[in-house]
Amino acid sequence: IEQKKQYSRAKLIKLTEKSPKRQEAICEYYHECGGCNLQHLQHDEQIVAKNTKLQELMQKQGIERCDMVEPIVGNDKGYRRRARISLMFNKQTNQLDFGFRKKQSKAIVNVRHCPVLVNELDQHLKSLYELLNSFKSKKQLGHVELVQADNGSVLLIRHLVDFNKTDHQALISYCEERDLILYLMPESDVLNHVHGEAPYYIIDGAKIYFTPKDFIQVNGDVNKKMVHQALSWLDLKENDTVLDLFCGLGNFSLPLAQKVQSVVGIEGVDEMVQRAQENAKSNKLSNVTFYQANLEESIDDQVWSRTKFTKILLDPARAGAAGVMETVAKLTPQTVVYVSCNPATLARDSQLLIQHGYKLTRLGMLDMFPHTGHLESMALFER
């Protein structure tokens with residue numbers, strides 16, 4: 001139905017022979033909802049397919065075969081610890097549409113249960129819909145975010161007008177009854193913490209505080225295994241100096257700082273840098289320092305880039321780390337661990353390290369997003 005330069009898009013008309021790898025979807029909304037796109041494929045086979053795709057992309061870039069480690073895998077159900085729920089007032093029904101976007105559409109699939117959400121969040125979908133639908137100001141609601149912290153469930157509501165007294169009290173009562181941490185967002189850049197303690201999650205003994213606007217890995221179980229593997233691959237020593245690029249709130253930096261001489265974390269978003277510094281302080285870690293820098297541009301003029309780092313870890317967004325790969329190579333660390341959510345940019349960035357005398361020695365897939373086409377991976381480069 002659509003022909004592009006590098007791909008075509010097709011529509012299934014008829015299934016004439018069922019593959020033994022095909023299964024019934026685990027979700028009643030699967031064929032409408034745009035959240036998952038691989039539920040018709042058995043979970044074990046999804047992992048095989050993603051592992052194969054990762055190897056093929058690296059080989060296309062001319063990168064020699066290396067040791068493929070066992071994929072990091074968690075549960076394929078109840079794994080998502082955050083979700084953004086779309087809201088829209090439906091004039092025909094005089095009710096809110098409440099759920100997730102349809103496949104390739106802005107329309108909303110009304111969802112009351114999501115099998116990939118952690119149970120603590122999934123149990124709120126039906127009652128939260130009923131609560132919001134009772135509000136006088138329901139036409140002026142933007143969206144809802146649900147996040148599961150280690151100390152409770154977090155609810156964020158984007159609202160375009162202030163809640164009246166009745167609606168506000170109903171919302172507070174709802175959160176008190178269910179022990180929910182509540183944030184309100186009256187404007188896109190304003191976040192008000194209304195109820196409950198500050199949310200956090202614990203990783204490798206470090207307590208990481210966050211707000212519902214901050215990026216945290218969606219799969220808590222796989223994230224723990226990922227951090228453990230990254231630290232293991234870096235083969236850390238007490239006298240190591242480690243650079244953590246795209247460090248966020250300190251997901252890797254703070255566990256690293258507990259094992260080495262010093263850590264420098266670099267992040268592009270200033271608010272995240274400030275929270276990472278606060279997290280280091282609350283964990284009583286004085287050997288980790290955080291800086292803000294645009295990692296899409298050259299960082300050679302930054303003071304910290306003249307430090308001698310023995311190990312480097314980077315965890316960029318989908319666009320990869322093209323802007324900093326030259327600097328990473330120039331710093332000549334013994335080992336580089338690259339965590340990637342896009343195998344195409346990992347393959348591209350790997351080329352530069354290999355040209356500078358590094359060898360890809362380990363490669364592994366992380367099943368961070370079961371039932372979707374997203375592919376997380378980790379690569380180890382050694383001089």
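For the range 202-216, filtered to residues that are open to solvent by 10 Å² or more (accessible area, probe 1.4 Å) and either in a helix (DSSP H, G or I) or of a type outside the set (A, V, I, L, M, F, W, C) (or both), the residue that is nearest to Glu376 (Cα to Cα) is Asp204.
Contact annotation: residue pairs with Cβ atoms under 6 Å, 6 or more positions apart or on different chains, pairing a residue in the range 106-131 that is closer than 16 Å to His143 by Cβ with a partner that is assigned to a helix (DSSP H, G or I) and modelled with pLDDT of 95 or more, are Cys114/Asp122; Leu131/Tyr174.
Here's the yes/no breakdown for (1) touching a residue at least 60 places away in the same chain (Cβ under 8 Å); (2) in contact with a Leu (Cβ under 7 Å, 6 or more places away or on another chain):
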| residue | (1), (2) |
| --- | --- |
| Leu245 | yes, yes |
| Lys259 | no, yes |
| Asp270 | no, no |
| Lys281 | no, no |
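Applying the set (1) open to solvent by 50 Å² or more (accessible area, probe 1.4 Å); (2) over 26 Å from Thr345 (Cα atoms) to Cys27 leaves exactly one unmet item: (1). Quick check on this structure: which one of Val336, Val263, Val328 is closer than 19 Å to Leu360 by Cβ, in contact (Cβ under 8 Å) with a residue 12 or more places away in the chain and either open to solvent by 40 Å² or more (accessible area, probe 1.4 Å) or outside any helix (DSSP H, G or I) (or both)? Answer to the check: Val336.
Each row is one residue, and each column tells you yes or no for (1) under 20 Å from Ala379 (Cα atoms); (2) surrounded by 16 or more Cβ atoms within 10 Å (Cβ to Cβ).
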site	(1), (2)
His228	yes, no
Thr241	yes, yes
Leu249	no, yes
Ala257	no, yes
Val273	no, yes
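Can you find even one residue in the range 298-305 that is without any contact (Cβ under 8 Å) to a residue 24 or more places away in the chain, over 26 Å from Glu64 (Cβ atoms), of a type outside the set (S, T, N, Q) and not in a strand (DSSP E or B)? Taking every residue of the range 298-305 in turn, at least one turns out to be without any contact (Cβ under 8 Å) to a residue 24 or more places away in the chain, over 26 Å from Glu64 (Cβ atoms), of a type outside the set (S, T, N, Q) and not in a strand (DSSP E or B).
Residues in the range 242-260 that are within 20 Å of Gly320 (Cα to Cα) and either in a loop (DSSP other than H, G, I, E, B) or at pLDDT below 95 (or both): 7 in all.
Scanning the range 62-88 for residues that are acidic (Asp, Glu) and either under 30 Å from Glu28 (Cβ atoms) or open to solvent by less than 30 Å² (accessible area, probe 1.4 Å) (or both) yields a count of 1. If the condition is being open to solvent by 30 Å² or more (accessible area, probe 1.4 Å) and under 26 Å from the mean Cα position of the chain (by Cα), then the range 342-361 contributes Ala344, Arg348, Gln351, Leu352, Thr361. Candidates Lys50, Lys91: the one that is open to solvent by 50 Å² or more (accessible area, probe 1.4 Å) and either among the charged types (D, E, K, R) or touching a residue at least 40 places away in the same chain (Cβ under 8 Å) (or both) is Lys91.
The values are calculated or read from the model by the stated rules, or taken from the named source; none is laboratory data. Keep in mind the model is a prediction, meaning the values are calculated, not measured. Cβ coordinates were reconstructed from backbone atoms using ideal geometry, including for glycine residues, and neighbour counts include every protein chain displayed. Just so you know, the surface numbers come from the protein's heavy atoms only, side chains and all, with ligands and any DNA or RNA stripped out. Shrake-Rupley method; radii C 1.70, N 1.55, O 1.52, S 1.80 Å.
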